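Input: a single structure, listed below in structure tokens.
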Amino acid sequence: MAVVNGLHDGAGAGFPRIGFRHPPALYEGPYDVLRWTFTALGNEAAAQEAAHEYEAARRAREAATRA
């Protein structure tokens, strides 16, 4: 749900949020959780994909906050 409702690869920009917003949680946070989860489960391919998405989301957040 965090990925789907996030701002990097989700529909999070399509609805208003009320209250506190933590940008890393809306961009790369869900992929960080997936990266560590897949590593713990021994699924290195999925962990690598999550790490790739994490970096892409982090770069997107940094670009969005600079604008």
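For region 19-67, which residues satisfy the criterion of being acidic (D, E) and either under 16 Å from A2 (Cβ atoms) or surrounded by 15 or more Cβ atoms within 10 Å (Cβ to Cβ) (or both)?
In the first step, residues of region 19-67 are kept if they are acidic (D, E); the result is 28, 32, 44, 49, 53, 55, 62.
Passing the criteria: E28, D32, E49, E53.
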Is it true that some residue in region 29-48 is closer than 20 Å to T65 by Cβ and among the aliphatic types (A, V, I, L, M)? no
Checked pairs for region 1-29, first in contact (Cβ under 8 Å) with a residue 24 or more places away in the chain, second of a type in the set (V, I, T) and exposed (fewer than 13 other Cβ atoms within 10 Å of the Cβ), C-beta under 7 Å and 6 or more apart or across chains, list as P23/T65
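Throughout, read-outs are computed from the coordinates displayed, never taken from laboratory work. Computed from a predicted model, the values in this text were never measured in an experiment. Glycine gets a Cβ as well: all are built from the backbone with ideal geometry, and neighbour counts include every protein chain shown.
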